[in-house]
Each structure stands twice: as structure tokens, then as C-alpha cells.
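These notes concern the structure reproduced below.
The values are calculated or read from the model by the stated rules, or taken from the named source; none is laboratory data. Computed from a prediction, not measured in an experiment: that's the story for all the values here. Using ideal geometry, Cβ is built from the backbone for each residue, glycine included, and neighbour counts are taken over all protein chains shown. Just so you know, the surface numbers come from the protein's heavy atoms only, side chains and all, with ligands and any DNA or RNA stripped out. Shrake-Rupley method; radii C 1.70, N 1.55, O 1.52, S 1.80 Å.
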Amino acid sequence: MANDVLGRDQRIAAYRTMRTIREFEERVHERFAAGELPGAVHLYVGQEAVAAGVCAALADDDYIASTHRGHGHAIAKGCDLTGMMAEIYGKATGLCGGKGGSMHIADFDRGMLGANGVAAGGAPLACGAALSAKLRESGQVAVAFVGDGGANQGAFAESLTLASVWQLPVVFVVEDNGYAQSTGTRFHLGGRDIAARAEAVGMPAAVVDGYDFFAVHAAATEAVRRAREGGGPSLVECKAQRFFGHMEGWDHQAYRGAGEVDALWAEHDCLRLLADRLVADGSVAPAELAEVDSAVRADVDFAVEEARGAKEPTVDQLLADVYVSY
Ligand SMILES: Cc1ncc(C[n+]2csc(CCOP(=O)(O)OP(=O)(O)O)c2C)c(N)n1
Ligand SMILES: [Mg+2]
């Protein structure tokens with residue numbers, strides 16, 4: 001794992017963020033199976049170190065634009081767990097009034113510009129936010145999370161080009177999790193690394209082990225620093241597979257090899273890798289991590305109970321904020 005400059009409190013905060021994402025996602029998995037959640041839900045388990053490592057490099061007022069697999073990004077950027085869970089339950093107390101659901105969670109107060117049902121939809125949005133920051137000279141940075149499949153969208157190529165030509169303060173975080181739905185990257189990528197596409201437009205790029213919080217954080221910190229100091233855009237490609245199916249409900253992962261997922265849990269569980277590292281280097285005692293675990297579990301319990309008990313939006317609320325009159 002890469003060296004990193006983070007102090008003890010920040011290391012524990014990283015563990016807390018990743019544990020929160022894991023607990024939240026596993027609970028959503030369980031509640032979906034119980035038939036409680038409407039709509040489409042895509043889980044982020046396995047990739048937690050990417051969201052946590054990138055967002056730990058950002059300031060509160062920086063922007064992120066997310067993907068359809070957005071819960072981890074939202075949690076790492078500081079979105080409220082209770083509001084997120086209520087949103088996934090489609091309740092009026094949700095972050096978007098229950099009208100967005102899992103795939104459209106947004107919270108502008110936290111710089112979370114939204115999960116996005118459109119593959120690579122976050123890339124042009126982040127460019128827009130970065131252009132705004134540049135024109136306002138605000139010093140803010142925008143991050144676009146994009147999947148390996150999303151990186152094949154035209155909008156991604158256009159965003160890279162525009163960001164480079166206009167030297168926007170934007171970071172493209174590509175999460176190569178091995179698959180776009182059921183299609184493995186070896187069938188759709190046309191090359192080994194998406195990072196090469198950035199180099200083609202003169203943009204610095206790095207490829208990192210996405211299971212390694214410290215490696216992600218170091219690469220993101222460098223890219224964010226470059227953007228904030230006027231050095232233009234960067235791409236950080238993080239390799240980390242998802243441990244669950246593409247989407248809750250129907251994906252039995254027949255396209256994956258026998259034992260593939262078991263091996264991921266055994267060898268590439270980013271949360272366990274981080275915990276082992278923190279204990280081994282003396283940053284924390286195992287008991288401290290256990291305290292974090294139980295506090296996080298209580299937070300997620302609370303979020304689920306609140307969401308279950310909350311009201312659904314009324315018809316009036318459903319129609320509010322949907323159409324804009326200019
Ligand atoms: C523009 C567009 N095309 C197709 C889809 C259908 N679709 C939803 S998720 C997905 C795969 C995305 O793969 P990737 O970007 O690798 O993200 P991952 O699901 O692996 O996180 C596709 C093709 C879509 N949502 N948007
Ligand atoms: Mg993918």
C-alpha cells in the first residue's frame with residue numbers, strides 16, 4: 001500500500017466512512033430482498049475505498065457527480081444517512097422528497113450533484129460545475145465518477161476533451177469494476193486501461209489499486225491539488241470489482257467464474273485490508289474499530305426505522321419541483 005500523510009483521526013474517519021457504506025449497503029440488500037424497496041438499486045460493496053479515498057481529498061464545498069451506483073459516493077461526501085435511506089424507500093422525508101430514489105440521490109448542500117441513471121451522465125455535469133467554479137474563481141473542484149462501461153459513452157470522451165481544452169478544475173474518477181452489467185471489460189474496453197484515453201487529450205492520469213484506500217487517496221489528493229491550483233483536469237482510474245450483482249433482484253452473476261466472488265471477499269475486501277493495516281501500524285486498537293462498527297450499525301438501524309415509519313409524498317408533493325416555469 002502507498003505511503004500516506006493522514007493522521008490517526010483521519011485514518012479512523014476513513015474506516016468509519018467505509019464501514020458506513022458497507023453497513024448501509026448490506027442493509028439495503030436485506031431490505032430489498034424483503035420487498036420493502038421500490039425501484040432499481042445498485043450496490044457499491046467492494047468499491048468503498050474509492051469513494052472514501054476520493055472524498056477524503058475533497059473540501060466540503062467541492063462537487064461530486066455520481067453514477068447509478070451512487071450510495072457510497074453520497075455517504076463519503078457527507079450526505080445524511082437517514083435522508084438517504086428515506087429516499088431509497090421513496091418517502092417524503094428523503095433527501096429528494098422520495099421522488100428520486102436510489103438512482104437520483106442528490107444533496108446540493110453537500111456538493112453532491114446527484115446519482116445518475118445515465119451511464120457517464122456525471123462527466124458533463126462535473127465539467128459544468130468545474131466551469132462555474134473556474135469562472136467564479138471559487139477554488140472549488142468537481143469530481144465525476146464514471147464506470148468502465150460509462151467510459152465508452154461519447155459524453156465521456158467529449159467531457160475529457162472539453163476539460164482539457166478549457167483546463168477545468170475537474171477530476172475524472174473511473175471505477176473499473178470489471179463489468180458493465182454482465183459484460184466483462186475484456187469484451188468491451190478495447191485496451192487495458194481507460195487512463196490511456198486521458199493521455200490522448202494531454203491529461204495526466206494514474207491507475208491505482210481501488211481496494212487500497214491509501215493509494216486512492218494519494219492519487220486523488222494529487223489530482224485535486226492540481227485542479228485547485230489551476231493545473232487543469234486529471235483522471236484517476238481505480239481498479240476494484242463489485243462484490244454483489246449489477247443490480248438487486250435479478251442478477252445471479254452467471255457471467256462470473258466459479259469462486260470469483262468468494263475469492264474477492266477472501267483477498268480483496270478493502271474494509272478488512274484497511275482495518276488490518278490500521279491495527280498493524282498501531283494507528284488503532286481492534287476495540288476502537290469495534291466501537292466504530294457498533295456506532296455505525298446503530299446509525300443505520302435508526303435510518304431504516306425512520307424510513308419505514310415516514311410518510312409517502314402526497315400528490316401535491318409529487319408534482320412540486322418537477323416542472324420549471326421560466
Ligand atoms: C447512456 C446509458 N446507456 C445504457 C444504460 C444502461 N446501463 C445501466 S448500468 C449499465 C452498465 C454500466 O456499467 P459501468 O459504467 O461499468 O458501471 P457499473 O454498473 O459497473 O458500476 C448500463 C449499460 C444507461 N443507464 N445509460
Ligand atoms: Mg463497471
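Residues of region 218-239 with the amide nitrogen closer than 11 Å to a label point 7 Å from the Cα of Thr161, along Cα-to-Cβ, please.
What the label zone holds, given the 11 Å backbone N cut-off, is no residue at all.
Which residue fluctuates most in the GNM of the chain (Cα springs below 10 Å): Leu168, Leu189, Leu125?
Highest fluctuation among the options: Leu189.
With equal scatterers on the alpha carbons only and no solvent term, can you work out the Debye log10 of I(q)/I(0) for the chain at 0.09, 0.12, 0.16 1/Å?
-0.44, -0.80, -1.43
Per residue, how much accessible surface does the chain expose to a 1.4 Å probe? Answer in Å², no decimals.
On the way: 14030 Å² over 326 residues.
Here the per-residue accessible area is 43 Å².
GNM, the chain, Cα, under 10 Å: largest mean-square fluctuation among Glu248, Glu36, Glu312?
The residue that fluctuates most here is Glu36.
Placing unit charges on C-beta atoms (Lys and Arg positive, Asp and Glu negative, everything else neutral), compute the dipole magnitude of the chain about its Cα centre in debye, rounded to 20.
Values: 28 positive and 45 negative charges, 126 e Å.
Charge dipole of the chain: 600 debye, to the nearest 20.
Report the calculated FRET efficiency for Glu305 and Asp262 (r = Cβ-Cβ distance, R0 = 30 Å), to the nearest 0.05.
Details: r = 33 Å, r/R0 = 1.09.
Taking R0 as 30 Å, the efficiency between Glu305 and Asp262 is 0.40.
Read phi for every residue in region 7-24 and hand back ³J(HN,Hα) as whole Hz from Karplus 6.51 cos²θ - 1.76 cosθ + 1.60, θ = phi - 60°, with x for Gly and Pro.
x, 4, 4, 5, 5, 5, 4, 5, 4, 4, 4, 5, 5, 5, 4, 4, 5, 4
Among Val292, Ala220, Ala14, whose Cα projects farthest towards the positive end of the dipole of the chain, with charges put on the beta-carbon of Lys, Arg (+1) and Asp, Glu (-1)?
Final value for the positive-end residue is Ala220.
What's the FRET efficiency of Ala34 with Gln317 using the Cβ-Cβ distance as r and R₀ = 30 Å, to the nearest 0.05?
Efficiency computed from Cβ-Cβ geometry: 0.70.
As a test, work out the antiparallel percent of DSSP beta bridges whose residues both lie in the chain, rounded to the nearest 5. Could you put the intermediate results ahead of the total?
Details: 3 of 24 bridges.
Of all bridge pairs located within the chain, approximately 10 percent are antiparallel.
Taking springs between alpha-carbon atoms closer than 10 angstrom, which of Asp316, Asp269, Asp251 fluctuates most in the Gaussian network model of the chain?
Result: Asp316 has the largest fluctuation of those listed.
Probe radius 1.4 Å, ligands and nucleic acids left out: which of Ile64, Ile12 has the largest accessible area, and how do the rest follow? Write out the running numbers ahead of the final one.
Values: Ile64 0, Ile12 30 Å².
Output order, biggest surface exposure first: Ile12, Ile64.
Just to be sure I understand the model, the point goes 7 Å from the Cα along the line to the Cβ. What's the resulting Phe187 to Glu137 distance in nm?
5.3 nm
Counting other C-beta atoms within 10 Å, and keeping those with at most 14, which DSSP coil trypsin sites (Lys or Arg not before Pro) do you find in region 227-326?
Details: sites: Arg228, Lys239, Arg242, Arg256, Arg272, Arg277, Arg297, Arg308, Lys311; in loops: Arg242, Arg256, Lys311.
In loop regions of region 227-326 (DSSP not H, G, I, E or B), the sparsely surrounded trypsin sites (Lys or Arg not before Pro) are Lys311.
Summing +1 for each Lys or Arg and -1 for each Asp or Glu, what net charge is found among the other residues whose Cβ lies under 11 Å from the Cβ of Gln167? List each step's numbers first, then the result.
Details: positive: Lys134, Arg226; negative: none.
Around Gln167, the surrounding residues sum to +2.
Using DSSP to call loops (not H, G, I, E or B), can you name the GluC sites (Glu not before Pro) in region 44-145 whose Cβ has at most 15 other Cβ atoms within 10 angstrom? Write out the running numbers ahead of the final one.
Numbers: sites: Glu48, Glu87, Glu137; in loops: Glu137.
Qualifying residues, ordered by number: Glu137.
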